[in-house]
Amino acid sequence: MMGSYKGKGMGNEDYSGIWVFAEQRNGQIKNVAYELLGRARELADALGVELSAVCFGHEVDDVNGLIAHGVDKIYLVDSAELGDNQEDLLTQQLVELVQQHRPEILLAGATALGRAFIPRVAAALPTGLSADCTDLDIDADKRLLLQTKPTFGGNILAVITCPEARPQMATVRPHVFSLHETDGSRKGEIIKVDFKRERYTSRTKLVEFVAEVAETVKIEEADVIVAGGRGLEKAENFEMIQELASVMGGAVGATRVAVDEGWLAYPHQIGQTGKTVCPRLYIAVGISGALQHVVGMQTSECIVAINDDPHAPIFEVATYGIVGDLFQVVPLLIEKLKKR
Ligand SMILES: Cc1cc2nc3c(=O)[nH]c(=O)nc-3n(C[C@H](O)[C@H](O)[C@H](O)COP(=O)(O)OP(=O)(O)OC[C@H]3O[C@@H](n4cnc5c(N)ncnc54)[C@H](O)[C@@H]3O)c2cc1C
């Protein structure tokens, strides 16, 4: 990881607390911030430190609500010039706050914005950053953040630490952590920070914001996902998967093989190079359970796997396993569910 810069005369012991960047878009805090706060609260308790959220934007809704998600302090920078999330300004403002308050850990969502500006914050401080983590933990004795992420093409899960530089920084994709219950009785403090625009330079100017064309496939939000893999053999057989999903009011997912074969479009792909999902029920049909797929669905509440190979790795993460031919099992399931 990076070198040992900590500001003149500073040691690791001069850094304390966990910060989460609470990203907003159009004045709404993104769900990924709440997901991160749930996990970050556990990490902060393990270290015995405060949890803070950093929120940059203009007239952001329900900043107070962050407290119910486990936050002790909120650093709120409210300015019309921050509403559009211009990366140059965000980078400089966050670097300045980190240098002033010295958190030992800084976490952010691996969203389009997080991926774009958080590495610049890490480089400017400078410190290490693990992008796209799939889990976070704490070694409380060494006060180290254990940052798990798939590496070597997704073939191993590496646990990365940043023993020398501070803060320890990581980004995590949306839906990796589930939302925790909120506690409306919690107390916290909002610290308003003046945005001193004249102190910062920006090489970019926002000309226009063009919203992404709404995706028709919202598998990230589905409670039930029925996903198919190579075992389906051809595109037409995905009609069966679609039918099973419809009967349960769910969405259809796919492995990369199914997408590469052209059986389903890319927005359906789940896994390391697709989407990360966390539905209440995930039914994996004809899917072997390669690590690159599993990292995108392993946090689902209940996983049902249908596979004719009893040794398929998908059974290692499945809550319930059905060993059998999918062409017999799926029609039977559809029939039974329709009767109910
Ligand atoms: C850098 C990188 C990134 C990747 N990213 C992703 C990603 O984002 N998402 C992803 O999914 N993969 C990804 N992969 C690919 C991944 O490694 C696997 O190749 C892929 O997930 C396997 O897809 P599959 O399970 O559909 O196919 P297979 O591994 O071929 O498994 C098919 C399964 O179907 C079962 N089967 C066959 N016929 C039947 C039947 N009649 N009844 C019941 N079961 C049957 C078989 O027993 C087998 O277990 C990535 C790979 C790399 C190198």
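The values are calculated or read from the model by the stated rules, or taken from the named source; none is laboratory data. Bear in mind that the values here come from a model prediction, so they are computed numbers and not experimental data. Cβ: placed from backbone, ideal geometry, glycine included. Neighbour counts: every protein chain shown. Surface accessibility is based on the protein's heavy atoms, side chains included, excluding ligands, DNA and RNA. Shrake-Rupley method; radii C 1.70, N 1.55, O 1.52, S 1.80 Å.
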Inset, instruction - Report yes if LEU281 is out of contact with any Cys (no Cβ under 9 Å at 6 or more places or on another chain) and more than 10 Å from the ligand (Cβ to nearest atom), otherwise no. - result: no
Inset, instruction - Scan the range 228-242 and give yes if some residue there is of a type in the set (S, T, N, Q) and either away from the ligand (no atom under 14 Å from the Cβ) or at positive phi (or both), otherwise no. - result: yes
Inset, instruction - Please specify each residue of the range 20-59 satisfying the condition of being open to solvent by 10 Å² or more (accessible area, probe 1.4 Å) and part of a strand (DSSP E or B). - result: ARG25, GLN28, ILE29
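For the range 166-189, check the following and say yes or no: at least one residue is of a type in the set (Asp, Glu), more than 16 Å from the ligand (Cβ to nearest atom), under 18 Å from TYR75 (Cβ atoms) and open to solvent by 40 Å² or more (accessible area, probe 1.4 Å).
yes
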Inset, instruction - Give me a count of the residues in the range 244-277 that are touching a Phe, Trp or Tyr at 6+ places or on another chain (Cβ under 8 Å) and either away from the ligand (no atom under 14 Å from the Cβ) or assigned to a loop (DSSP other than H, G, I, E, B) (or both). - result: 3
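Here are some residues: ALA123, ALA68, ALA110, ALA116. Which one is surrounded by fewer than 15 Cβ atoms within 10 Å (Cβ to Cβ) and either closer than 28 Å to GLY184 by Cα or at pLDDT below 95 (or both)?
Among ALA123, ALA68, ALA110, ALA116, only ALA116 is surrounded by fewer than 15 Cβ atoms within 10 Å (Cβ to Cβ) and either closer than 28 Å to GLY184 by Cα or at pLDDT below 95 (or both).
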Inset, instruction - Any chance you could count how many residues in the range 295-340 are open to solvent by 70 Å² or more (accessible area, probe 1.4 Å), within 12 Å of the ligand (Cβ to nearest atom) and assigned to a strand (DSSP E or B)? - result: 1
Legend entry - Long-range neighbours under 8 Å by Cβ, at least six apart or interchain, first residue open to solvent by less than 20 Å² (accessible area, probe 1.4 Å) within the range 126-147, second aromatic (Phe, Trp, Tyr): THR127/TYR5
Inset, instruction - Among the numbered conditions (1) crowded, with 21+ Cβ neighbours inside 10 Å; (2) near the ligand (Cβ under 9 Å from one of its atoms), tell me where ALA290 comes up short. - result: (1)
